[in-house]
Amino acid sequence: MQDKQERLALWQKGLDKAKARFPERKDKFETSSEIPLQTVYTALDRPEADDFALPGEFPFTRGVQRNMYRGRLWTMRQYAGFASAQESNERYKYLLSQGQTGLSVAFDLPTQIGLDSDHPLSEGEVGKVGVAIDSLADMEILFSDIPLDKVSTSMTINAPAIVLLAMYLAVAEKQGVDWAKLKGTIQNDILKEYVARGTYIFPPEPSLKIITDIFAFCAEKVPNWNTISISGYHIREAGATAVQEVAFTLADAICYVETAVAAGLQVDDFAPRLSFFFNAHSNLFEEVAKFRAARKLWAEIMSKRFGAKAPKSLLLRFHTQTAGSTLTAQQPDNNVVRVALQALSAVLGGTQSLHTNSRDEAMALPSEDSVRIALRTQQIIAHETGAADVVDPLGGSYYIENLTAQIEDRVKEMLAKIDELGGAVAAINSGFIQRQIQDSAYKYQLDVETKDQIIVGVNQFTVEDESQPELLRVDPAVGIEQQQRLTELKGQRNAQAVEQTLATVRQAAEKGDNLFPPVLDAVRAYASLGEICGVLREVYGEYQAKDLV
Amino acid sequence: MAPIRVLMAKPGLDGHDRGAKVVSRALRDAGMEVIYTGLRQSPDQIVQAAIQEDVDFVGLSCLSGAHNSLFPKVVELLKERGAGEIAVFGGGVIPEADIPGLRAAGIEAVFTPGTSLEEIVSFIRERVKKDHA
């Protein structure tokens, strides 16, 4: 040790001389989370505790399984959905035929906010950022000819997640598929909606109650379903740093577990079905370290804070999406390279599933050609680079291990701060988390303005004349057609059954009973999403954001 | 001279407000008075707020693809209510091909991803100068 420190000190003198003659490119080198970086890392910088960590063992820094991708590759899961259920169904079948291994449903904004396509606020939004689903009838078309026991399906749905999952279960019934065979995920993460994504409906308290209802119902009836995907992705997209992304995500996760435990659930009954969703941003090493640190932190939180005993309760399993906010509208083909490197960080970090963004997404929803390149990017990483052949290939790197420990320390500090504020909900209600994210977003933009942060093709290496690629267009007629379908449905269904089941939903909401069974009955009777959420809005009220800038 | 007043608004259901908030802060740092509406505003609510707050500019941000229906409506309603002198600009995930249509509908400037804050600030300052000229 003494020896090593002496050698390092000597080496440092040589370095200082060299720097005096040739100044460095920047005054300071640091990561997105403002972690200062040394010139080089050595055995002296590696935390000793992790000296002989192995994957598949507590605290799982190196991976949740022993052999990771040597057994099965990550799930290649492209988030898709646009226009009508019919068109989205065709895109899904195309993606599956191209070797995609899981579905990921994007819903349009009215669906995500629990409004029907004919609601005045839905104007212009129907079918735009995802598929429009008004009732079980649309869901049946969305999954027609896709056997639900053969695919795993992720649904990006939060405030009305209970309704969309109920629709999925109803489709499975019609296909004759046992619920125990269903695999997939609902996002169901309301807390990040308040701070980063914006598709909230109800206030935090009833929202958390609905989430707990879903945990309880699925633990019994849909045992292989991931009942929540606690998401840092959107927090990062909104401007957070890597450290903030992990800290706020884990703070939200802690709140969900606390709420469920307070409602009387046993932690090991639901914790194995909790999953996570992170962002793969552009600083390759910081991202790899971030994924490793998150796994370790969660394992420790679950075992120490919540006393979880089941091995699966300790595992932070996560989906990753490359960073949409890093895509540029300028020279869009460059985005293919950005996405490839970000995706590599997710694989080196041990993700369970991955979405790679398409090159044209700074301009519109992706075209079919662009989506294929994005999927091929994952296949190239999986089959050509060797990145999937050894578990945690960067483990033991002095730099990566040091960075992992530094991220861990900083996240712990932030979690302690949030605990002090009274937990995630209190930190949201006071605007603390929103402010943190905004400050980071603004700082980043100022760095771009001053060129402390170079964005290739945007603030340097620009070209004058840019050719415009072919973009996907959603036919504006989709909105009108969707409204017509809904009107027809309302004429054909059993109105009495709709009324009765909606009344039962209201009763359950008022009494505080588990909402899942009555919502399922309403869905089966073809009550619309807007009708079901309308009843819940009347009982629970709507969240009023306190937007401070 | 009184400070320039700007209403930053999020029309429609889009929840992506990073851009709107970053631009709001930049305009404020440039000495302007900025009011941010928050999410999920109908064109009608935006126009009401613009008139009530007596602003010089309305900045619209939309990343959901609903800009073609929502932006022009704001301009129309402003004119209808005798507030046509309020200048409207917009930004977000907006395909190049949509920009001429939006300009023709009275959106004076459209800022797409990669726009510098400087550009937006100078658009507003130039526009004010033109008004006073």
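The values are calculated or read from the model by the stated rules, or taken from the named source; none is laboratory data. Only a predicted model underlies this, so the values are computations on that prediction, with no experimental measurement involved. Methodologically, a virtual Cβ is constructed for each residue, glycine included, from the backbone with ideal geometry; neighbour enumeration extends over all protein chains shown.
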Picked from region A:294-347 (must be more than 19 Å from A:Q78 (Cα to Cα) and charged (D, E, K, R)), the residue surrounded by the fewest Cβ atoms within 10 Å (Cβ to Cβ) is A:K304
Identify all residues within region B:1-17 that are under 23 Å from A:D118 (Cα atoms) and more than 8 Å from chain A (Cβ to nearest Cβ); write none if there are none.
B:K10, B:P11
Out of all the residues in region A:359-367, is one or more modelled with pLDDT of 95 or more, under 15 Å from A:V339 (Cα atoms) and surrounded by 23 or more Cβ atoms within 10 Å (Cβ to Cβ)?
yes
Collect the residues in region B:20-48 that are touching a residue at least 60 places away in the same chain (Cβ under 8 Å) and either surrounded by fewer than 24 Cβ atoms within 10 Å (Cβ to Cβ) or charged (D, E, K, R) (or both), keeping them in residue-number order.
B:V22, B:A26, B:L27, B:A30, B:M32
Suppose the filter is modelled with pLDDT of 95 or more, touching a helix residue (DSSP H, G or I) at 6+ places or on another chain (Cβ under 9 Å), small (G, A, S) and on the phi > 0 side of the Ramachandran plot; does A:G99 pass it?
no
List the pairs whose first member sits in region A:435-463 and is more than 8 Å from chain B (Cβ to nearest Cβ) and surrounded by fewer than 14 Cβ atoms within 10 Å (Cβ to Cβ), whose second member is of a type outside the set (F, W, Y) and not in a loop (DSSP other than H, G, I, E, B), and whose Cβ atoms are under 8 Å apart, counting only residues at least 6 apart or on separate chains?
A:K451/A:Q460; A:I454/A:Q460
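Going through region A:309-365 one residue at a time, which ones are of a type in the set (D, E, K, R) and more than 14 Å from chain B (Cβ to nearest Cβ)?
First, pick out the residues of region A:309-365 that are of a type in the set (D, E, K, R): A:309, A:312, A:317, A:333, A:338, A:359-361.
Answer for region A:309-365, where residues must be of a type in the set (D, E, K, R) and more than 14 Å from chain B (Cβ to nearest Cβ): A:K309, A:K312, A:R317, A:D333.
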Extreme residue, farthest from the other protein chains (Cβ to nearest Cβ), among residues of region B:75-133 that are in a strand (DSSP E or B) and on the phi < 0 side of the Ramachandran plot
B:A87
Can you name the residue in region A:1-50 that is small (G, A, S), loosely packed, with under 12 Cβ neighbours inside 10 Å and within 27 Å of A:E408 (Cα to Cα) and is also farthest from the chain's Cα centre (by Cα) among such residues?
A:A43
Residue count, region A:337-375, condition closer than 26 Å to A:S275 by Cβ and free of Cβ contacts under 8 Å to residues at least 40 places away in the same chain, comes to 4
Criterion violated by A:F285 - all others in (1) of a type outside the set (G, A, S); (2) in a helix (DSSP H, G or I); (3) in contact with a strand residue (DSSP E or B) (Cβ under 7 Å, 6 or more places away or on another chain) satisfied
(3)
Among what's in region B:54-68 and is more than 26 Å from A:Y194 (Cα to Cα) and over 12 Å from the mean Cα position of the chain (by Cα), pick the residue that is surrounded by the most Cβ atoms within 10 Å (Cβ to Cβ).
B:N68
The lone condition A:G530 fails out of (1) surrounded by 19 or more Cβ atoms within 10 Å (Cβ to Cβ); (2) at negative phi; (3) away from every other protein chain (no Cβ under 14 Å) is (3)
